[in-house]
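As structure tokens, the structure follows; a few thoughts come after it.
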């Protein structure tokens, strides 16, 4: 088994090597990979967008639909309340209720009143009038093809939940759901095709004691007409709940029981239009609900996410099919154009191989004006010139030897100068001319430092060079030249351009010390800020004139070709240019001058390529 895996791995590796040997294979693989990534990414992104858009649209459409239906349903419930109120005949009704047992006219009045109520609507299944003190009720309903008014006695009515709820209600009413088969009515009411019951307590105006309870039992003709405006497919559900989450309509009673056991109804917040995600077993639902503004009745519609994502999945599958067709077509186009591009390169590679073996007559065919034709044309020029260059080989060797000799001479000259200065220093020491010896040593160290190959040096080395330089200048100016150093210890390892501080010191000597006959103090200091290392050289000389200062600052902005005549400030100009080249535009050379002296400041940026 291991040997088989090794052979398979070896075969795959050899195939990969063969693919990598040819440029056309690399191009095909590259572009195919790019196309696959693009198609896959677009399909995935579009699928995610369609999913999100499907959920958003489902929430919006379902919420609007539930809002309209719930408003119609609450208007329907409000019509029930209007039906139950006796309005202007309240005194007559209460009188008839109080005397119906002893007055036949009152009894007939109540029966006629029930008939009027029953005929006033087409969705009434039955009406019951329960007389409290007599434990007696009147009922009207359709029996076969007749509308009959009957009476009965049931002392257990007062023990029913709907009766107690109506008596305790501050609105003297209660709603009763008949959606469940075990609903307790107290009357002989058929549950088939029933929707709900509405109970109204009739009280005495004077004593506020309950005299009767008027109960209306509605069929589902109007409610179905209203609720059918909520479209839902198989797998979706619809719940119509009272403010206290009692079910008045359920499309699936078993689903409601499962939802209630899972406390779905308890998760409905007081938001008029809300939604939440709820999972049952292996099904995940988007639950959209609406709470009525008048009394808080709730319409709840759980929609499976699988249905919401169905359109997105269909679009994704179509996208995959289109992507595969596009990929197949793209691969064909890529193969064709890759071969068209690489074929001239193969011919050029063949001629280069001939040239590498010593055949200097190899020339490539030139077609077109693209980059490959450009390479072929220049390859042919190279082949033709190679023969000419071979003939000049010996001349080139002679030139090379002469260059080597001149380089050796250039290397000998500095050593000769060092040896000569060392001899002069030794001669001065023998004659006890220690000042001359010190000057010669300082000059030798200065010369060695100046011709060293480094362009960036440490501040410690630059300061030693400045000390040697100032010792030579003090031999010239004597005690008139005073120098002070204020250099932070942490900046001794700072990297900065070589001879940069000397340029600033030279400017102080040239424009301060040489201009006056008094003593001049040159202060050299360095400090660090959050963004720059600040190196300043200040003198207490007469300073620059405003015209000269403006001339120098303008020279910083000029091109090299315009600076040839700026002999007096060429050192500062060169230093400013070096700072810009080494550190970028953040590096600056600033000049501040007045009658009390001149201060030149270098700002070297910290971090990056700034060496700070």
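One chain, two ends: residue 455 and residue 586. Fully extended at 0.36 nm per residue, the span grows by 45.2 nm beyond their Cα-Cα distance. Modelled label positions at residue 260 and residue 350, each set 7 Å beyond Cα in the direction of Cβ, lie 8.8 nm from each other.
Once R0 is set to 41 Å, what does the formula 1/(1 + (r/R0)^6) return for the Cβ-Cβ distance between residue 204 and residue 275, expressed as a FRET efficiency to the nearest 0.05? The calculated FRET efficiency here is 0.30. Scaled against 2.2 N^0.38 Å for its residue count N, the alpha carbon radius of gyration of region 452-563 is 1.16. The gain in end-to-end length when the residue 99 to residue 33 segment is fully stretched comes to 14.3 nm, 0.36 nm per residue minus the alpha carbon separation. What is the list of residues in region 310-329 whose amide nitrogen lies under 17 Å from a point 7 angstrom out from the Cα of residue 234, following Cα to Cβ? The answer is 310-311. Rounded, prolate or oblate for region 243-346? Axes are the square roots of the Cα gyration tensor eigenvalues, ordered a ≥ b ≥ c, and the cut-off for rounded is a/c under 1.5. Prolate is the answer for region 243-346, as a/c is 1.5 or above and a/b outweighs b/c.
In percent, how large is the relative contact order of region 483-610, given Cα pairs closer than 8 Å and 6 or more residues apart? So the answer I get is 28 percent.
Coordinate range of the alpha-carbon atoms in region 85-223 per principal axis, descending: 38, 35, 27 Å. Kindly identify region 252-307 as rounded, prolate or oblate by the Cα gyration tensor criterion: order the square roots of the eigenvalues as a ≥ b ≥ c, call it rounded if a/c is under 1.5, otherwise compare a/b with b/c, prolate if a/b is larger, else oblate. Taking the square roots of the gyration eigenvalues as a ≥ b ≥ c, region 252-307 is prolate.
Note on residue 45 and residue 143: the extension gain reaches 28.9 nm, defined as 0.36 nm multiplied by sequence separation minus the Cα-Cα distance. Considering only DSSP beta bridges with both partners in region 466-596, what is the antiparallel share in %, to the nearest 5? Around 50 percent antiparallel, to the nearest 5.
No value in this document is a laboratory result; all are computed from the given coordinates. Here the structure is a predicted model, which means the values were calculated and not measured. So basically every Cβ, Gly included, is an ideal-geometry build from the backbone, and we count neighbours across all protein chains shown.
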